[in-house]
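Here is the structure we will look at.
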Amino acid sequence: MPSSAHSNDPSTLAQDPNGAAATLSPNLGEPAREAVRAGSGRSSLSGTVTSEKNGVPDGMKKDGPKDTDDDAQDDDVIVVGWDGPDDPANPRNWTLKRKWTVALTVSSYTFISPIASSMVAPAASQIAQAFNIHHSFEGNLTISIFVLAYAFGPLILGPLSELFGRARVLQAANFFFFVWNLACGFAQNEAELMVFRFLSGFGGSAPLACGGAVLSDMWAPEERGQAIAVYSLAPLLGPAIGPVAGGWIAERSTWRWVFWSTSIAAGLVGILGILTLPETFAPALLQRKANKIRKQIDVEKGPVKEVRTIFQKSGQTKTVKELIVVSLFRPFILFAKEPIIQLVSLYLAFIYGVIYLVIATIPPVFANIYHERPGYIGLHYIALGLGLFVASQINARMLDRVYVALKKRNNGQGEPEFRLPTVMPGTVLIPIGLLMSGWGAQEHVHWIVPDIGYAIVGAGMVLIFQGMQTYIIDSFTIYAASALAAVSFFRSMAGFGFPLFAPAMFSALGYGKGNTILAACAFAVGCPAMWLFWTYGKKIRSMSTHARKQ
C-alpha cells in the first residue's frame with residue numbers, strides 16, 4: 001500500500017460525525033479478527049468473509065450491523081466506527097459533568113485572549129509616552145493590531161483543528177499566545193510591540209475558531225444552546241473586563257505588567273487545559289482508533305488492504321500536504337459559495353466593530369468630558385460587562401427552551417432558524433444603547449447615562465452573538481470550525497478597523513451624531529437580516545453544498 005495520510009478531511013464526512021453508526025467491515029480470518037479486537041476494543045465486524053485464498057475459508061459470514069457505505073462491504077476493507085450508539089468514547093455520550101468541564105475549560109481559553117486585546121487600552125497613554133507615539137492613530141493601533149491577528153489566525157487554526165483535532169491546536173496556540181504576549185512586556189520600541197502583539201493575537205485566536213466546534217462535538221443541537229451561551233460570552237466579556245484591571249495596573253505599576261499579568265493567567269489556563277481538555281472531534285478520535293488497528297494488522301501482506309474510518313470513502317487517502325491545502329482553503333470556499341456565511345459575516349463584522357469602537361472611546365469620553373483618572377475610567381467598562389453578563393444568563397436559558405418549543409411545533413424537526421427569535425431583541429437594543437451613550441456624553445449629563453447605554457449595547461451584543469454563532473454551528477455541523485473561521489475573519493477586520501477611524505469621526509461629528517449614524521446602520525442592517533434568515537434560511541440551506549439540509 002503506498003504511503004499516504006488517512007484523511008480526516010470533512011469533505012468526506014457525514015453531516016453529523018458524532019451520531020454516525022458504528023461498524024467495522026469486513027469479516028476477516030480469525031487471526032485478523034483477533035488483531036482488530038486488540039486494536040479497537042468492542043468494534044463489530046460485518047459483511048462477507050473473504051475467500052480462502054486470502055486466508056479465510058469461503059462461505060463464512062458473521063452477523064453485525066451493516067455499514068451505510070457500499071465500500072464498507074468490500075472484503076479487504078476495515079471500516080472503523082463507534083462501538084454502538086452508547087459508546088462511552090463518543091463525546092456525545094460523555095457524562096454531563098465531563099462535558100461541562102471541557103466547556104468551561106474552552107471558555108477559559110476564549111476569555112483570556114480577548115482580555116489581552118483590550119487590557120492595554122487604559123495603558124495606551126503610558127505606552128505612547130514610553131515610545132514617543134504622538135498620533136492617536138498609532139496609539140489605537142497598539143490595541144487594534146491584536147484584533148487584526150484574530151482575522152487571520154482562525155483561517156489557519158480552524159481548518160487545522162479539523163485535520164489534527166481540537167485539543168492539540170488549542171493547546172499549541174495557547175502556548176504561542178503565552179510566549180509572544182510575555183514578549184510584549186519586554187518590547188523596547190514601537191515596532192517590537194506591534195509585531196509581538198500581532199503574533200500573540202494570532203495564537204489567541206484559536207479558541208474563537210475551535211471553541212464553538214468543541215461544543216458542537218459534545219452536544220446535540222437541542223442541548224448545546226446553554227453551553228454556547230456560556231462560551232460565546234467569553235470573547236465579549238473579556239474586552240469589557242480587561243480595561244478594568246488594566247486601568248488599575250497602569251495607574252499603580254507599569255504598562256509592562258499589563259502584558260505579564262495576562263501571560264501568567266494564560267499559563268494557568270494552559271495547565272488547566274492539559275489536565276482537563278481531551279480530544280472531542282469524532283474523525284480525529286476514530287482515526288486514532290484506526291491507527292491502532294493498522295499497527296496490529298500488516299495491511300501490505302495480510303487479507304486487509306485498507307483500514308479507514310466511517311468518515312472516509314474507500315481509497316480516499318491523501319498526503320498530509322494535500323489535506324492541509326484542502327483544509328486551509330475551506331473557509332474561503334465557504335465564504336465564496338455560502339450566502340449564509342456571507343450575510344452573517346458582514347452583519348457580525350459591523351456589530352463586532354461597534355463593540356471595539358465602544359471599548360476604544362470610553363477612555364477619551366471619561367478623560368476629556370468627565371475628567372477622571374485611568375483607574376476610575378476602567379470602572380466604566382463594568383457597565384458594558386454587566387449588560388453582557390445579565391443578557392447572557394437570560395439567553396442561556398432561552399436558547400434551548402425556544403429551540404425545543406419550536407421543534408415540537410414543527411413535528412419534532414429541529415431547524416437552525418429556531419435560534420433566531422432570541423437574536424431579534426438584540427437588533428433593537430444596540431441602536432437604543434448607542435443613542436443613549438452617545439448623546440449622554442455629548443450633552444455632558446451624569447456619567448450613569450452613558451453607562452446605562454453601554455450596558456444596553458452589551459446586552460444587545462450578546463443576544464446577537466450567541467444566537468448567530470449557534471445558528472452557524474447548527475447549520476454547518478461538521479464544518480463548524482471552518483465556518484466560524486470565515487465569519488471571524490470579517491468580524492475581526494472590523495474590530496481592527498473601527499477604533500482606528502473612531503477619533504476622526506467623533507472629532508468631526510461629536511459623540512451624539514456619530515453614535516446616531518452607527519445606531520441607524522445597526523437597525524437598518526440587523527432587522528432585515530433577521531427577517532431574511534427566518535423567512536428564507538431553510539431555502540438557502542437547501543441549495544448549499546456544505547450546510548445541513550434538515
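Convert each backbone phi in the range 378-383 into a coupling constant with the Karplus relation 6.51 cos²θ - 1.76 cosθ + 1.60 (shift: θ = phi - 60°), then list the ³J(HN,Hα) values in order as whole Hz, x for Gly and Pro.
With coefficients 6.51, -1.76 and 1.60, one gets x, 5, 5, 5, 4, 4 Hz.
Could you run the Debye sum over the Cα atoms of the range 392-514, one equal point scatterer each and no solvent, and tell me log10 of I(q)/I(0) at q = 0.15, 0.20 Å⁻¹, two decimals?
With one equal scatterer per Cα and no solvent, log10 I(q)/I(0) is -0.83, -1.13.
Rounding to the nearest 20 debye, state how big the charge dipole of the range 421-550 is about its Cα centre with +1 on each Lys and Arg Cβ and -1 on each Asp and Glu Cβ.
Using Cβ point charges on Lys, Arg, Asp and Glu, the range 421-550 gives about 640 debye.
For the range 481-550, what is the Kirkwood hydrodynamic radius in Å, using each pair of distinct C-alpha atoms?
Values: mean 1/r = 0.0668 Å⁻¹.
Result for the range 481-550, one decimal place: 15.0 Å.
With +1 on each Lys and Arg Cβ and -1 on each Asp and Glu Cβ, and nothing else charged, work out how big the dipole of the range 215-286 is about its Cα centre, in Debye to the nearest 20.
Dipole magnitude for the range 215-286 comes out near 380 debye.
Give the calculated FRET efficiency between residue 394 and residue 76 to the nearest 0.05, with a Förster radius of 56 Å applied to their Cβ-Cβ distance.
So, using R0 = 56 Å, E works out to roughly 0.50.
Mind checking the range 114-208 for GluC sites (Glu not before Pro) that DSSP puts in a loop (not H, G, I, E or B) and that have at most 10 other Cβ atoms within 10 Å?
When the GluC sites (Glu not before Pro) of the range 114-208 are filtered for loop state and at most 10 Cβ neighbours within 10 Å, nothing remains.
Distance check, please: which entries in 99/539; 99/292; 97/407; 97/289; 99/408 exceed 30 angstrom between their Cα atoms?
From the list (99/539; 99/292; 97/407; 97/289; 99/408), the Cα-Cα distance tops 30 Å for 99/539.
For every other residue with a beta carbon closer than 14 angstrom to the beta carbon of residue 447, add +1 if it is Lys or Arg and -1 if Asp or Glu, then tell me the sum. Numbers along the way, then the final one.
Numbers: positive: 373; negative: 372, 443, 451.
Charge balance in the 14 Å sphere: -2.
If the viscosity is 1.567 mPa s and the temperature 4 °C, what Stokes-Einstein diffusion coefficient in µm²/s follows for the range 194-255 when Rh is the Kirkwood radius over Cα pairs?
D = 93 µm²/s.
Would you kindly calculate the translational diffusion coefficient of the range 78-230, applying Stokes-Einstein with the Kirkwood radius from alpha carbon pairs, for 37 °C and a viscosity of 0.692 mPa s, and quote it in µm² s⁻¹ without decimals?
191
So who's got an amide H within less than 5 Å of the one on residue 80, skipping anything under 5 residues away but keeping other chains? H placed 1.01 Å off N, in plane.
It is 308, 309, 310, by chain and number.
Once you have the Cα-Cα distance between residue 401 and residue 342, take 0.36 nm times their residue separation minus that, and quote the gain in nm to one decimal.
Fully extending the segment from residue 401 to residue 342 adds 18.4 nm.
Give me the one-decimal nm value for the distance between modelled label points at residue 525 and residue 538, 7 Å along each residue's Cα-to-Cβ direction.
The modelled label-to-label distance comes out at 2.9 nm.
Every number in this text was worked out from the coordinates using simple rules, so none of it is lab data. Values in this document were obtained by computation on a predicted structure and should not be read as measured data. Glycine gets a Cβ as well: all are built from the backbone with ideal geometry, and neighbour counts include every protein chain shown.
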